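Here's the structure we're looking at; comments come further down.
The values are calculated or read from the model by the stated rules, or taken from the named source; none is laboratory data. All figures in this text were calculated on a predicted structure; none of them were measured in a lab. Methodologically, a virtual Cβ is constructed for each residue, glycine included, from the backbone with ideal geometry; neighbour enumeration extends over all protein chains shown. SASA here: full protein model, heavy atoms, side chains in, ligands and nucleic acids out. Shrake-Rupley method; radii C 1.70, N 1.55, O 1.52, S 1.80 Å.
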Amino acid sequence: MTPSVSDETRDSQSELLVQLRDLVPSAFLDGELDRDTLLEALGLCGESKSSFSFTWPGIDRARQDARIPTTATLIPDEDASLRWPEARDVLIEGDNLQVLKLLKNGYSRAVKLIYIDPPYNTGDTFTYNDDFAVPERQYLEETGQVDELGNATTSRIETGGRKHAPWLTMMFPRLALARHLLRRDGVILVSIDDNEFHHLRLLLDAIFGAENFIASFVWNGGRKNDARQVSVGHDYIVAYARDHAYLRAQDARWRERKDGLDEIYTRVEELRDKYKSDYVKIRKELMKWFRSLPVEHPSKAHEHFNYVDERGIYFPDNLRSPNPRPNLVFDFKGYKPHQNGWAYSRERMEQLDADGRIYYPESTEQRLKIKSYLHEHEQWAPCSVFYRDRRAASKALDSLMSANVFDYPKDIEVLARLFHAITDDGDLILDFFAGSGSTGQAVWEQNPKDGKMRRWVLVQVPEKPDVSEESGRNALAAGYKTIFEVTAERLRRAAASLQQETPDATQLGFRIFRARPTNLIIEKPIVATLELTGQSYLTQVLDHTTGAPVVDGAKPLDVAWEVALKATGTKLDARVTTHDLDGTIVYEFTPAEDNASTARLLISLDAFSLATADALGLRDDDTLILRGDQVEDSVTLTLAPRLRSKLILLERVPREVSL
């Protein structure tokens, strides 16, 4: 039987069973999973023991939501896009749960970094609350606090959990699906506040594994003057790895440039101009300048770099061996070593001395030091606690959009620094709670700074602006019907602004796709019943078999994209070439990245003949997708032996083709 195009995404549970069947075939002797045999193979068949678990009312629904396939599709919107033909970045309008399922084929294990800023749960409402609300009676029953008649089973009734359960139910399937998209060395960053921080950690432990927790960044965004007890001015960014052990094995190191360096370099140059080579006076003035800085000034962290010579700014660092080394215990230029010995051999010490790298104190009673220069130590691991006034991001966005149309956008500079530290050239960054589009702009701003070419995929639900907020009213007044429209316009303006600043830089652009109902009509096989037998059954089977597999009025290119996404590993930045062969339209999908393979993905929704195949120069390694009701059996029978599983038919009911 030739493969057919499914009208829905793959069932993740079925995929897992396929993998288990391959790994533990003994657990599927009769074709069905024998759970006891599987547990025995895993060495887990002993006496059951109490174990730690994290659960809430709604977890079953959350698991089901993650597992159920979607019939939705993504349709391209070239007119709303910016420089569609060459664009590699993608902005998607739609419910991120459906979109994540649609991305699974093309982007499985392709994403280096996921950054999300999900809706914070204040206990009253959040964006997805209407779909996930838990009635109080249902919550009490599911938590065993009342019986079926409503009688209390405990002396202390607790209802606060129902404020957290909807948020957890919303987040679980999205995070579970997101994990599938991460590369083995991939990382996820999640912004959150105190309301759900503890629950988020438990949720991520359950999905990614507690062993894959990396750290929690604490972002101090400034004091709040309306606090009664504590001025809570911080948020968190929680970091988990797809496989932390693999990151450690690869010796992966996150590095960023230290803050405050340029101010130090500028001050030293000013002092050089004034005092020339009088390094004693320069040091005295430099130390005075450091002392004058406020505690939170980023340059303050480097005030130990207060010595200057012709090579630059330095501080005298330790020159002793960290461990006792008898062979490194020797006098050098009249100076005694530490009891452990010097850090280097005599020969190396002579080289350092000749290069002016050794700091000599005034007295031989003191220790020799090695000059550690600031310009040679500009990178360090990101600090887990950092300060960045959150108001700066709002002001910048208001200026770019010429109005306050979105509240609490994430700071471009903070995101750009994280992206610089964690990702590299060619890496893909995903944000499926895109909001105002800060992630996209942050990537664009960081790329030219370090010479990288990162790409992004952003997803934003088309929710209406909140008219109870000034920003929502401003957005509607400015003509933005949805937050997605704000996102798209922000990115257009950001691209224009950055392009103006660097006219010679690579042209920025992005593709827009929109989640919509499927364009396909693919029926499930008809099962005979007492009421449906004989001629009536045969008639219905023939009607379904011969019917068109595509919705009336569907645009051919939209259908081609849907088929490519659901039947192959096509990505959304693929290039599409349209071939018109005597009236038969064939779409050729080509990966955007350089691909040594000569294999092509060809899709035709018109009548397809062997002459068309010859005109295309059809090769045995090509994948060809044809509309089943537009191709004759003789053509299928001729092509099937050549292409085998790479010949895919778009049909309402799959049919067998003998090879």
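Does the range 473-494 include one or more residues that are touching a Lys or Arg at 6+ places or on another chain (Cβ under 9 Å) and either part of a loop (DSSP other than H, G, I, E, B) or at pLDDT below 95 (or both)? Yes, some residue in the range 473-494 is touching a Lys or Arg at 6+ places or on another chain (Cβ under 9 Å) and either part of a loop (DSSP other than H, G, I, E, B) or at pLDDT below 95 (or both). Restricting the first member to the range 377-395 and to residues that are over 12 Å from Gly233 (Cα atoms), and the second to residues that are assigned to a helix (DSSP H, G or I) and open to solvent by 80 Å² or more (accessible area, probe 1.4 Å), the beta-carbon pairs closer than 8 Å and six or more apart or on different chains are Ala392/Glu413. If the condition is being closer than 30 Å to Glu470 by Cβ and modelled with pLDDT of 90 or more, then the range 352-402 contributes Arg391, Ala392, Ala393, Ser394, Lys395, Ala396, Leu397, Asp398, Ser399, Leu400, Met401, Ser402. Condition first: of a type in the set (Asp, Glu), modelled with pLDDT of 95 or more and out of contact with any Gly (no Cβ under 9 Å at 6 or more places or on another chain). Now tell me which residues in the range 268-313 satisfy that. Across the range 268-313, the qualifying residues are Glu269, Glu270, Asp273, Asp278, Glu285, Glu303. Restricting the search to the range 569-603, which residues are closer than 22 Å to Glu651 by Cα and in contact with a helix residue (DSSP H, G or I) (Cβ under 7 Å, 6 or more places away or on another chain)? Matches in the range 569-603: Gly569, Thr570, Thr584, Ile585, Val586, Tyr587, Phe589, Leu601, Leu602, Ile603. Number of residues in the range 405-421 that are surrounded by fewer than 24 Cβ atoms within 10 Å (Cβ to Cβ) and within 12 Å of the chain's Cα centre (by Cα): the value is 0. Restricting attention to the range 496-513, does a residue exist that is surrounded by fewer than 16 Cβ atoms within 10 Å (Cβ to Cβ) and of a type in the set (Lys, Arg)? No, there is no match, as no residue in the range 496-513 is surrounded by fewer than 16 Cβ atoms within 10 Å (Cβ to Cβ) and of a type in the set (Lys, Arg).
Taken over the range 59-89, residues that are over 25 Å from Asp573 (Cα atoms) and at pLDDT 95 or above amount to 0.
When residues in the range 612-634 are screened for being farther than 17 Å from His579 by Cβ and surrounded by 13 or more Cβ atoms within 10 Å (Cβ to Cβ), 2 of them pass.
Pairing residues of the range 278-302 that are of a type in the set (Ser, Thr, Tyr) with residues that are outside any helix (DSSP H, G or I), at Cβ distances under 9 Å and at least 6 apart in sequence or on separate chains, gives Tyr279/Tyr307; Tyr279/Val308; Tyr279/Asp309; Tyr279/Glu310; Ser299/Asp259; Ser299/Gly260; Ser299/Leu293.
Here is a yes/no grid of residues against (1) within 30 Å of Leu601 (Cβ to Cβ); (2) open to solvent by 90 Å² or more (accessible area, probe 1.4 Å); (3) under 29 Å from the mean Cα position of the chain (by Cα); (4) at pLDDT 75 or above:
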site	(1), (2), (3), (4)
Ser6	yes, no, yes, no
Asp34	no, no, no, yes
Leu44	no, yes, no, no
Pro57	no, no, yes, yes
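Looking at this structure, is Asp558 farther than 19 Å from Leu647 by Cα, open to solvent by less than 10 Å² (accessible area, probe 1.4 Å) and at pLDDT 95 or above? So Asp558 fails the test.
For the range 78-108, the candidate set comprises residues that are open to solvent by 10 Å² or more (accessible area, probe 1.4 Å) and touching a Phe, Trp or Tyr at 6+ places or on another chain (Cβ under 7 Å); within that set, the residue that is nearest to Lys481 (Cα to Cα) is Glu93.
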